[in-house]
Amino acid sequence: MPLPTPTMTTERLRLRPFTDADAEPLFALQSDEYVLRYWDSPPWTEPARAGQFIARSHAMAEEGSGARLVIERDSTFVGWCTLNSWNPEFRSASLGYCLARAGWGQGIATEAVGALLEWAFDTLDLNRVQAEADTRNAPSARVLEKLGFRLEGTLREDCVVNGDVSDSWVFGLLRREWLARQRGTAAT
């Protein structure tokens with residue numbers, strides 16, 4: 001069953017489906033070694049990877065396995081966020097995001113992912129969203145914690161990128177926790 005990718009607007013951002021015009025800024029982001037230093041795959045070296053990523057984004061929506069959204073600020077590409085591995089039976093999905101350096105430290109990731117989570121819990125009726133972050137990536141962990149995610153454990157040596165072995169934290173956010181946060185009450 002297809003999962004139409006939404007377009008959303010927040011106070012400062014616009015989240016929208018990928019288009020072919022996003023290939024160049026997407027490649028610039030995904031080829032930035034510093035941005036991807038804690039990623040689970042090496043930086044891109046081939047511009048064709050951007051077109052493949054965009055095509056896969058459309059395929060995810062068509063097959064109903066997830067949604068990837070461009071994050072724009074002032075009509076400029078600043079990154080992307082995704083819900084993937086969507087399982088309607090379990091009412092769960094995995095969260096991911098990547099932001100260009102120019103957008104770091106401004107609350108953009110928190111704002112964009114917050115909008116995506118609102119859609120996930122309200123429209124998709126998810127019960128659980130899971131996210132992973134490299135244990136060396138404290139800023140990403142802070143984004144997740146600000147949004148209400150709880151650290152659930154550590155995957156030891158789960159990534160090997162260019163010979164560099166790293167651990168990942170696993171975070172989870174439950175529907176009842178999200179709703180309690182939106183209401184300003186404690187989750188039970």
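Rule-based calculations on the coordinates, nothing more; no lab input. The structure presented is a predicted model; accordingly, all values stated were derived computationally and were not measured. Cβ placement follows ideal geometry from the backbone for every residue including glycine, while neighbour counts extend to all protein chains displayed.
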Other-chain or far-sequence residues with amide H under 5 Å of A100's (modelled H):
G79
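Mind listing which chymotrypsin sites (Phe, Trp or Tyr not before Pro) in segment 22-72 are in a DSSP loop and have 10 or fewer other Cβ atoms within 10 Å?
Sites meeting the loop and neighbour criteria: Y34.
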Would you mind computing Rg(Cα) / (2.2 N^0.38 Å) for segment 3-45, counting N as its residues?
1.44
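With N set to the residue count of segment 6-128, report its C-alpha Rg divided by 2.2 N^0.38 Å to two decimal places.
1.02
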Which one, A141, A112, A48, has the greatest fluctuation when you compute a Gaussian network model over the chain with C-alpha springs under 10 angstrom?
A48
For the chain, the helices passing both cut-offs (Cα extent along own axis of 18 Å or more, Kyte-Doolittle mean at least 0.0, full DSSP H runs) are 108-122
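Just need the relative contact order of segment 102-169 here, percent rounded to a whole number, with Cα pairs under 8 Å and 6+ apart.
Details: 48 pairs, mean separation 19.2, N = 68.
The value is 28 percent.
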Report the chymotrypsin sites (Phe, Trp or Tyr not before Pro) located in segment 77-147 that are in a DSSP loop and have at most 11 other Cβ atoms inside 10 Å of their Cβ, or state none.
F90
If one builds a Gaussian network model of the chain from Cα atoms under 10 Å apart, the most fluctuating residue listed among A120, A55, A133 is A55
Give the separation of the Cα centroids, segment 29-46 to segment 120-165, in Å.
18
Among L155, L95, L126, whose mean-square fluctuation peaks in a Gaussian network model of the chain (Cα, cutoff 10 Å)?
L155
Which values of log₁₀ I(q)/I(0), to two decimal places, follow from the Debye formula for segment 146-186 at q = 0.14, 0.20, 0.26 Å⁻¹ with a uniform point scatterer at every Cα?
-0.46, -0.65, -0.83
